[in-house]
Every structure is written in C-alpha cells, then in structure tokens.
Amino acid sequence: MRIAMVAAFCAAVAGCVTSPVDYEARLSQQDPKWASPECQQARMAAADYARREKDHPGWGFGVLLGPYSMGMVAAVKEHERQQRRLLARQVHLQCSSQPLPKELDFDPAIYAPKKARYP
C-alpha cells in the first residue's frame, strides 16, 4: 500500500508541467517568428496534443483497475509530462526569438527511447 501511495504522489507531481497551449499563450504575438509556417505547425501540434490529452481516461482509469494499477498510471503521467515539455520546447523554438527559459533548456535526447541491451 505504501508503494501505491508513493506512486500516486509521484504521478501527481509529474503532472505539473505547463501545457504547451498555455505556454503558447504566454509568448509574444509581436515576435517575427510568430507568423511563420513552422510556428503555425508547432501551435497546431500543441493544440492537437491538448485535445488528445483531454480524451484519455486519466485517473479514473487507475481507480477502476485498483491499487495495483497506480504504477501504470504513474508511468502514463510521466510520459505525458515528457511530451508536454517537448512540445512546449518546440513551440518556443519555432515561435519565439527569445532564448529558451531555464525549464525548457534541456537536451531532447534524454527522452528518446533507450536501446535495449540483451545479454
């Protein structure tokens, strides 16, 4: 039971990354990059992601499967957090001339799938 509580806490904390759509709203529309086709594509991708994120079952899914599914819910939430960070970073790079803020200044390769090592 203690593990389930820790997993639930970690999943709750992991969901605290700003949505790419909310991040996009904070950017200046006066920036020369804002009207570029690349920026429009990045904004559409962020909007599509926000729409898909609203459609998934969320926490209710974990409640239906019981306490043993908390790890699965935590993994899903962590993946969503990573996707939000990557999309927010992409929106910033495509739509703003300003340098990356500290929370988005990371190497995107850290979220790339790891190569499996077999014995």
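The numbered conditions (1) of a type in the set (A, V, I, L, M); (2) modelled with pLDDT under 80; (3) surrounded by 13 or more Cβ atoms within 10 Å (Cβ to Cβ) are all true for Leu64 except (3).
Looking across Ala74, Ala112, Ala88, one residue alone is at pLDDT 85 or above and under 16 Å from the mean Cα position of the chain (by Cα). It is Ala88. If you go through the range 90-119 and pick out every residue that is in a helix (DSSP H, G or I) and either open to solvent by less than 40 Å² (accessible area, probe 1.4 Å) or over 19 Å from Val21 (Cβ atoms) (or both), you end up with 9.
The values are calculated or read from the model by the stated rules, or taken from the named source; none is laboratory data. Quick caveat: nothing in here was measured; it's all calculated off a predicted structure. Glycine gets a Cβ as well: all are built from the backbone with ideal geometry, and neighbour counts include every protein chain shown. The area values use the complete protein model at the heavy-atom level, side chains included, leaving out ligands, DNA and RNA. Shrake-Rupley method; radii C 1.70, N 1.55, O 1.52, S 1.80 Å.
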